[in-house]
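Notes to accompany the following structure.
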Amino acid sequence: MDFDLIVRGGTLPDGRVADIGISGETIAAIEPTLQGSARTEVDARGNLVSPPFVDPHFHMDATLSYGIPRINASGTLLEGISLWGELKPLLTHEAVRDRALAYCDWAVSMGLLAIRTHVDVCDDRLLAVEALLEVKKTVAPYIDLQLVAFPQDGFYRSPTARENTIRALDMGVDIVGGIPHFERTMADGTRSVTELCEIAARRGLTVDLHCDETDDPLSRHIEQLAYETQRLGLQGKVAGSHLTSMHSMDNYYVSKLLPLIAEAGVSAIPNPLINIMLQGRHDTFPKRRGMTRVKEMQALGIRVGWGQDCVLDPWYSLGTADMLDVAFMGLHVAQMSSPADMARCFDMVTNVNASIMGLDHLGLAVGKRASLVVLDAGNPIEALRLRAERLCVIARGKVVAERTKQETRLSIDGRPAMVNRRHQAQ
């Protein structure tokens, strides 16, 4: 046998039709036609073959806990944080682990093979940290799982958050998180950005802060984050998540801010499903939707990736681990409707998110890890339009999920017997 697995005749995101030969855990060949043989072959003819989906912002310690101990009645971010505070004392290691593993099963079924999850360190037991470190080991054969030490109740505002953040990093959590806009004062938020970045610099770690997730246009911690990134030499290793206050900032200030972010090499991770659900709750009309300035950032070369954020938890009552849902909502709320913009939205939940997470081993190229997805779509834009079925998911060279193509049978005189909503442009 020349290969362990061959994916035959799939359409790549750039439009090429090719066979992909896999040896072990590595893509060994991508050619219009591979003459070799393999123990396993996947027929991808007529379907899109994509890199795996990647989620750079999630909360796995809270996922699938919706309704425990109650539902977020107001739908606001602050009630969600309060509700999470009620839930934390009820958590057990087993419950956090089992819900996280169940979510990872969903993720694999949807071709989502890399996730960065924030884990709350404001519970002195660090129970969720221990549980997700266990989950990380369990899912390592098929999911790249990164953990962020996240002081949900405030690095300074919560009495033991600073100590617990250090403890979590010592336990093996590999990214420094924070929430500066939730500190008691703007000054405390600014100080927290500085100290958290200094902790990361000393340890050689990356930084991913919940930054300015508010409708307040005066919440400007992203400016401090960009400054500290340059001061400490952290370029390319820092992300600002959410950045929703930018929706409300005046254009003159943003015209100064965005070049600073670009110069510092800070990435941005908006979370469209959750941000447009939570933000603007205090508005009547016109109602702000809380989406940061995605296209303006991209025009300056800032890396911007879409994040899922939440699924069935105190903040969000929906979700299925589908990054195409995330990109679909993102392209609507960011008004990314041109063919180039829509294709970019697909790239954001695959290649761009992998780049933000430092996962250089992912991608459709020879020598990259053999993790990929076959979708029931002809191209990336059709995949977004349909939120296409994942027909086959391959992780590290092994088929880990398969699904039969879904078509609807029609019983209408004079019309086709089957319909699947795929469309060939004329």
Within the stretch 267-321, restricting to residues that are of a type in the set (Lys, Arg) and part of a loop (DSSP other than H, G, I, E, B), the one that is surrounded by the most Cβ atoms within 10 Å (Cβ to Cβ) is ARG293
Which one is nearest to GLN146 (Cα to Cα) among residues in the stretch 347-361 that are open to solvent by 20 Å² or more (accessible area, probe 1.4 Å) and in a loop (DSSP other than H, G, I, E, B)? GLY358
Name the pairs whose Cβ atoms lie under 7 Å apart, with the first residue in the stretch 342-358 and within 12 Å of HIS57 (Cβ to Cβ), the second among the acidic types (Asp, Glu) and modelled with pLDDT under 95, and 6 or more positions between them or separate chains? none
Only listed residue being out of contact with any Ser or Thr (no Cβ under 8 Å at 6 or more places or on another chain), buried (at least 23 other Cβ atoms within 10 Å of the Cβ), assigned to a loop (DSSP other than H, G, I, E, B) and of a type outside the set (Asp, Glu), chosen from ALA107, ALA62, ALA73: ALA62
When restricted to ARG387, ARG344, ARG409, ARG421, the only residue closer than 24 Å to PRO270 by Cα, open to solvent by 30 Å² or more (accessible area, probe 1.4 Å), among the basic types (Lys, Arg) and out of contact with any Asp or Glu (no Cβ under 8 Å at 6 or more places or on another chain) is ARG344
Could you list, in sequence order, the residues of the stretch 390-400 that are open to solvent by less than 40 Å² (accessible area, probe 1.4 Å), over 19 Å from VAL326 (Cβ atoms) and either in a strand (DSSP E or B) or without any contact (Cβ under 8 Å) to a residue 40 or more places away in the chain (or both)? LEU391, CYS392, ILE394, ALA395
Quickly run through the stretch 232-266 and pick out the residues that are farther than 16 Å from GLY301 by Cβ, of a type in the set (Ser, Thr, Tyr) and part of a helix (DSSP H, G or I). THR244, SER245, TYR252, TYR253
Being in a helix (DSSP H, G or I), farther than 22 Å from HIS361 by Cα and open to solvent by less than 30 Å² (accessible area, probe 1.4 Å) narrows it down to one residue among LEU101, LEU83, LEU78; which is it? LEU83
In the stretch 363-384, which residues are open to solvent by less than 20 Å² (accessible area, probe 1.4 Å) and of a type in the set (A, V, I, L, M)? ALA370, LEU372, VAL373, VAL374, LEU375, ALA377, ALA383, LEU384
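The values are calculated or read from the model by the stated rules, or taken from the named source; none is laboratory data. Quick caveat: nothing in here was measured; it's all calculated off a predicted structure. Positions of Cβ are backbone-derived with ideal geometry, glycine not excepted, and every protein chain shown enters the neighbour counts. Heads up: the accessible areas ignore ligands, DNA and RNA and are worked out on the full protein's heavy atoms, side chains in. Shrake-Rupley method; radii C 1.70, N 1.55, O 1.52, S 1.80 Å.
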